[in-house]
């Protein structure tokens, strides 16, 4: 233990005697560890943020979309939900679920789109969200003022709307919006309520730049379509969500006359399944990015080996003197290995501080969120230690094998 302490002291003395060279040698480790920890923290933060956004919608939500991405249809759709373009969802599907489902409490068809919205001389282009009277509950949005549209409003295709806070600011500024008449794609709509602010999502999208309209009004007066982009349903509990998902599949297969052995032309996914998919994607992304960043650790290790070889050459006479007074090959080997490890661990510690600085900057000046945990720090420090050990072995062995007589004669 005493010898190890002495070797560590010698290692730090060597670092301080050549401050500039030591810093430049550690720079590769600093950048490598900083990049790895920062990338892992960004990946973890992004995953937590996306999962939180999905969970905000509701833990027992089930989403039905047209097409079957498992059979090769397209999987990109509004709000990150999965959709294909080879089949349609219509009112018959909604009625079948409402009539036959025993594990479902609420059902709402949904149509997405965009529209030009104006009031006096101001205009904006928000996202249009068409649903029935259950849409607010299913999509977990809250009213700030006014009211949401009713079942009668949906049945009569009323020209009414509830608007988000971004739309309020762009169109009305300090004017009270409830009761005002706005134009949506040139048609008059009365504002009956405003939604509470939800801020931006994990990808920087403004969740308040939205207007919601009765789904029948969207279909007949804005887009001229009889189909739905998706159907939102809610299971009676979180525990029954898997059973409810299977129940919906059975109901839709019967309703759409899909025979035994034929593939579904629709998709049914629960929040749990969506979260699993998101977690898998973000984990793969994080590992790949961190793997690329770790390459700089190898570059830093090569730098350590290079500087340790230079150090062996510079200290050849010192090695000869130590051997002449009784130092063994093992003593010399351990001394240079300790110096290499101290160099890499010191660089790793500075790299972690560098990663913390990057995380603070990202959190304060971008929409991304980072989350530094103990795990990536331990991984990065362990990796930097292994790098120091691995790339220090050859210089240490070279120093240990020096002939003491040749070393004493070295000038």
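Every read-out reported here was derived from the displayed coordinates using simple, explicitly stated rules and does not represent laboratory data. These numbers were taken from a predicted model, which means no experiment stands behind them. Please note: Cβ atoms are built from the backbone with ideal geometry, for glycine as well, and neighbour counts cover all protein chains shown.
Using only Cα atoms and rounding to the nearest 10 degrees, what angle (0 to 90) does helix 271-314 make with the longest principal axis of the chain?
Relative to the chain, helix 271-314 is tipped by roughly 20 degrees.
With labels modelled as points extended 7 Å from the Cα through the Cβ direction, what inter-label distance (nm, one decimal) is found for residue 159 paired with residue 23?
7.1 nm
Binned at 10 Å from 0, what are the whole-percent values of the Cα-Cα distance distribution for the stretch 88-264, short to long?
Histogramming the stretch 88-264 at 10 Å steps yields 9, 35, 32, 17, 6, 1 percent.
Rank-order 321-334, 115-128, 302-315 by packing density, defined as the average count of other C-beta atoms within 10 Å over each peptide's residues, highest first.
In decreasing order of mean packing, 321-334, 115-128, 302-315 become 302-315, 115-128, 321-334.
Rounded to the nearest 0.05, what FRET efficiency do residue 197 and residue 254 give with R0 = 45 Å and r taken as the Cβ-Cβ distance? Could you check?
0.60
Which value results when the Cα radius of gyration for the chain is divided by 2.2 N^0.38 Å?
Here the answer is 1.48, to two decimals.
In degrees from 0 to 90, rounded to the nearest 10, what is the angle of the helix 2-17 Cα long axis to the longest principal axis of the chain?
Tilt relative to the chain: about 80 degrees.
What's the FRET efficiency of residue 382 with residue 5 using the Cβ-Cβ distance as r and R₀ = 22 Å, to the nearest 0.05?
On the way: r = 22 Å, r/R0 = 1.01.
Approximately 0.50, to the nearest 0.05.
What order do you get for 214-224, 94-104 when each peptide is scored by the mean count of other beta carbon atoms within 10 Å, highest first? List each step's numbers first, then the result.
Details: 214-224: 19.6, 94-104: 15.9.
In descending order of packing, they fall as 214-224, 94-104.
By how many degrees, between 0 and 90 and to the nearest 10, does the Cα long axis of helix 329-365 differ from the longest principal axis of the chain?
30 degrees
Of all DSSP beta bridges located in the stretch 88-264, what percent are antiparallel, nearest 5? Display every interim value, and only then the final one.
Details: 26 of 35 bridges.
Just about 75 percent of them are antiparallel.
On a full-extension model of 0.36 nm per residue, what is the gain between residue 237 and residue 205, subtracting their alpha-carbon distance, rounded to one decimal in nm?
Here the segment from residue 237 to residue 205 would lengthen by 8.5 nm.
Once you place label points 7 Å from the Cα toward the Cβ at residue 227 and residue 98, how far apart are they in nm?
It is 2.2 nm.
If you average the C-alpha positions of the stretch 312-344 and of the stretch 127-200 separately, how far apart do those two centres end up, in angstrom?
Computed from Cα coordinates, the inter-centre distance equals 76 Å.
Please compute the length gained on full extension between residue 123 and residue 143, using 0.36 nm multiplied by the number of residues separating them and subtracting their Cα-Cα distance.
4.9 nm
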